[in-house]
Amino acid sequence: MSIKRTVPVLKVDDMHAARQFYCDMLGFQELFRNQPTEHANPAYVGYRRDTAVLDVSSFSGDGVSGVVVNLVVEDVDALFAEFKSRGVQISLPPVDQTWGVREMHLEDPSGNKLRFCQ
């Protein structure tokens with residue numbers, strides 16, 4: 001038996017704000033949605049961009065907001081330009097770290113931190 005992949009689950013406060021951020025601002029696509037009522041919350045949604053997959057949940061008990069997720073990318077500077085053109089707030093623009101990684105940081109509306117690393 002082998003472990004095939006990991007899928008982080010990010011706790012969010014507002015699924016509508018999360019969808020706007022992940023889809024409209026960062027370019028992810030919605031894969032599925034578990035939404036037991038017609039209201040936006042609570043819900044559990046899967047997002048994908050290229051080969052990166054993130055699940056986002058506003059259900060109570062699905063963790064806490066404020067986690068950090070590293071996303072390994074081919075070109076952090078190209079993503080920086082794309083995100084800036086969409087109005088994404090970048091907390092740390094692309095920088096060469098002393099440990100050999102070029103990265104930028106941003107936060108989703110619930111305070112989850114995303115590190116894009118090259």
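When DSSP beta bridges are limited to those with both residues in the chain, what percentage is antiparallel, rounded to the nearest 5? Among the beta bridges of the chain, antiparallel pairing accounts for roughly 70 percent. Extension gain, Val68 to Gln20: 0.36 nm times the residue separation minus the Cα-Cα distance gives 15.3 nm.
Between helix 76-85 and the chain there is an angle of about 60 degrees, using the helix long axis and the longest principal axis of the Cα atoms. With a cap of 12 neighbouring Cβ atoms within 10 Å, and only residues DSSP puts in a loop, list the GluC sites (Glu not before Pro) found in region 3-104. The qualifying sites are Glu38, Glu74. Once the mean of 1/r is taken over each pair of separate Cα atoms and inverted, region 9-117 shows a Kirkwood hydrodynamic radius of 14.4 Å.
Expected output is a single nm value to one decimal: the length gained when fully extending between Ile90 and Val53, i.e. 0.36 nm times separation in residues minus the C-alpha distance. What is it?
Numbers: separation 37, 0.36 × 37 = 13.32 nm, distance 2.07 nm.
Roughly 11.2 nm would be gained on extension.
Based on Cα contacts under 8 Å between residues 6+ apart, the chain shows a relative contact order of 26 percent.
Readers should treat all values here as calculations from the given coordinates under stated rules, not as data from a laboratory. Note that the structure is predicted; figures quoted are calculated from it, not measured. Neighbour counts are summed over all protein chains in view; Cβ atoms, including those assigned to glycine, are modelled from backbone coordinates with ideal geometry.
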